[in-house]
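Right, I'll just put the structure down here and ask away after.
The values are calculated or read from the model by the stated rules, or taken from the named source; none is laboratory data. Computed from a predicted model, the values in this text were never measured in an experiment. Positions of Cβ are backbone-derived with ideal geometry, glycine not excepted, and every protein chain shown enters the neighbour counts.
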Amino acid sequence: MDTGRVTLAVFRKDLVAERRTKEVFTAVLLFGFTVSVAFTFAFEPTSAEARKITGGLLWLAFLFSAVLGLNRAFARETSNQCLQGLRLIPADLGGVYLGKLASNLLFLLLAELVLLPPFGVFFDLTLWARPGWLFLILLLGTWGLAALGTMFSAVSANTRMQELMLPLLLLPLTVPVLIAAIESTVILLEGRPMSEAALWIKLLTGFDIVFTLLCWLLFDYVIQE
Amino acid sequence: MNESARHRLSLALLVVALLLIVSAWYYAFQVAPTERTMGTIQRIFYLHLPAAFLSFLAFFVVFVGSVAYLTTRRMGWDWAAASAAEVGVVFCAAVLISGPLWAKPVWGIWWTWDARLTTTLILFLIYVAYLMLRLYVTDSERRARLAAVVGILGFVDVPLVYMANRWWRTQHPEPVIAGGEGSGLDPQMWWGVLWAFAGLLTFASLLFFQRYRMEAMRAELTQLARRLRR
């Protein structure tokens with residue numbers, strides 16, 4: 001069995017599991033919504049100054065809810081010895097990583113797309129002026145979070161701390177993603193020309209490629225017994 | 001090397017480190033010229049720069065140890081990575097404390113979210129998380145494996161963190177050492193900083209070897225305990 005088929009099989013398995021339990025999607029969505037509401041108490045949400053920091057708030061809400069959802073990615077595999085089953089796949093285990101990454105990316109993106117309209121209403125934002133760019137930033141930023149998040153989810157599932165380890169590892173390492181995603185979102189929301197965001201888009205793309213490849217190569221070491 | 005020889009070696013290292021550090025301090029406070037604009041506070045430089053350089057060196061050793069462990073599976077590499085991470089975190093803390101002390105009188109603020117400051121802080125957080133992870137995995141082989149993966153990912157991340165912050169905002173002076181025209185250190189300052197670096201390097205190596213030895217002893221102890229139980 002080659003990597004592509006393992007990837008696809010794991011991806012499909014996760015879709016089925018998620019369709020039946022809906023635990024990741026619902027939790028991410030509800031938590032993201034609650035956090036966005038909590039943010040509005042920190043300052044006057046529709047003022048002109050608020051416009052400058054909403055890009056940052058949006059990504060912080062995404063990051064926090066992503067941590068919540070990503071924890072489930074491998075925590076769900078620890079019951080009933082599912083992890084053992086995955087280990088026994090007679091093929092490249094990197095495929096397990098890629099499949100998990102794909103399903104996490106899909107769940108997070110869907111949740112974010114549902115979260116955006118209420119966020120836009122709360123903070124009085126014009127989100128949909130350039131939908132193509134918005135989606136590109138969302139995709140690249142979320143991919144960066146998911147690439148390292150999926151990996152660290154597997155790492156923390158193997159520790160005594162379980163859920164507590166993921167944010168400790170993920171937050172400092174995803175600083176470049178956060179900065180780049182926030183900066184390009186602010187440029188988008190303020191209606192400035194997107195050429196100003198070229199550097200940030202490049203940084204995001206580079207980060208995503210480097211860490212997807214690296215995690216794929218190293219995943220064997222995380223999951224083996 | 002037997003136990004008593006090892007003991008004598010670390011004692012010798014300690015004496016050399018103390019001599020170097022004390023004389024470097026003397027040099028820094030009495031011999032080195034006072035910086036023209038910053039005044040005497042600039043002398044904190046003789047701790048700040050060598051400590052920063054040493055912590056980066058230590059984190060590089062973590063990376064090398066991590067890669068070597070995953071390729072050879074010899075526990076010694078894991079012990080080296082763990083020891084280097086602890087030494088690196090200590091020196092990184094020294095940088096993060098001495099930096100604001102210097103910045104307050106010169107820049108007028110304790111802290112600024114400049115590229116190098118932010119990167120150093122993030123670096124500190126990454127390796128504290130690395131040490132946390134080590135604490136929460138019981139099985140030594142698994143601990144070594146997971147820590148090595150984090151040691152590699154963390155190191156690769158550092159240049160990206162730096163670039164992101166550099167493009168975002170930066171306040172540090174243009175590089176003084178190996179910078180452009182009109183930059184550069186007074187030769188006497190050079191001597192002071194090299195001297196201080198030699199002292200701290202000796203001290204860091206001592207800490208490193210002691211920590212490494214502790215890891216080795218801990219592994220031996222675990223093995224003996226396991227044999228006893230059998």
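B:Ser66 - would you say it is over 14 Å from the mean Cα position of the chain (by Cα), hydroxyl-bearing (Ser, Thr, Tyr) and assigned to a helix (DSSP H, G or I)?
Against the criterion (over 14 Å from the mean Cα position of the chain (by Cα), hydroxyl-bearing (Ser, Thr, Tyr) and assigned to a helix (DSSP H, G or I)), B:Ser66 qualifies.
Next question, about the same structure. Going through region B:117-157 one residue at a time, which ones are within 9 Å of chain A (Cβ to nearest Cβ), among the hydroxyl-bearing types (Ser, Thr, Tyr), assigned to a helix (DSSP H, G or I) and closer than 19 Å to A:Asn158 by Cβ?
B:Tyr130
Cβ-Cβ below 6 Å, separation at least six or inter-chain, first residue in region A:82-110 and within 26 Å of A:Thr142 (Cα to Cα), second charged (D, E, K, R): which pairs?
Close Cβ pairs (under 6 Å, with a partner that is charged (D, E, K, R)) amount to A:Leu83/A:Glu77; A:Leu93/A:Asp220; A:Ser103/A:Asp14.
Next up: Among the residues of region A:193-214, which ones are among the small types (Gly, Ala, Ser), surrounded by fewer than 17 Cβ atoms within 10 Å (Cβ to Cβ) and within 12 Å of chain B (Cβ to nearest Cβ)?
A:Ala198, A:Gly206, listed by residue number.
Still on this structure, please answer the following. Among the residues of region A:155-183, write down those that are hydrophobic (A, V, I, L, M, F, W, C), closer than 30 Å to B:Glu141 by Cβ and in a helix (DSSP H, G or I).
Of region A:155-183, the ones hydrophobic (A, V, I, L, M, F, W, C) are A:155, A:157, A:161, A:164-166, A:168-171, A:173, A:175, A:177-182.
If we keep only those that are closer than 30 Å to B:Glu141 by Cβ too, we end up with A:155, A:157, A:161, A:164-166, A:168-171, A:173.
Passing the criteria: A:Val155, A:Ala157, A:Leu164, A:Met165, A:Leu166, A:Leu168, A:Leu169, A:Leu170, A:Leu171, A:Leu173.
Would you check if there is a residue in region A:164-171 being away from chain B (no Cβ under 12 Å) and within 14 Å of the chain's Cα centre (by Cα)?
Checked region A:164-171: no residue is away from chain B (no Cβ under 12 Å) and within 14 Å of the chain's Cα centre (by Cα).
Also: Pick out the one residue from A:Glu190, A:Glu225 that is charged (D, E, K, R) and within 13 Å of another protein chain (Cβ to nearest Cβ).
A:Glu225 is the lone residue from the list that is charged (D, E, K, R) and within 13 Å of another protein chain (Cβ to nearest Cβ).
Does region B:73-81 contain any residue that is in a loop (DSSP other than H, G, I, E, B), out of contact with any helix residue (DSSP H, G or I) (no Cβ under 7 Å at 6 or more places or on another chain) and under 30 Å from B:Val156 (Cα atoms)?
Yes, region B:73-81 contains at least one residue that is in a loop (DSSP other than H, G, I, E, B), out of contact with any helix residue (DSSP H, G or I) (no Cβ under 7 Å at 6 or more places or on another chain) and under 30 Å from B:Val156 (Cα atoms).
So, one more: Condition check: surrounded by fewer than 19 Cβ atoms within 10 Å (Cβ to Cβ) and either within 12 Å of another protein chain (Cβ to nearest Cβ) or modelled with pLDDT under 90 (or both). Does A:Leu217 satisfy that? Steps first, answer last, please.
Values: surrounded by fewer than 19 Cβ atoms within 10 Å (Cβ to Cβ): yes; either within 12 Å of another protein chain (Cβ to nearest Cβ) or modelled with pLDDT under 90 (or both): yes.
Yes: the conditions hold for A:Leu217.
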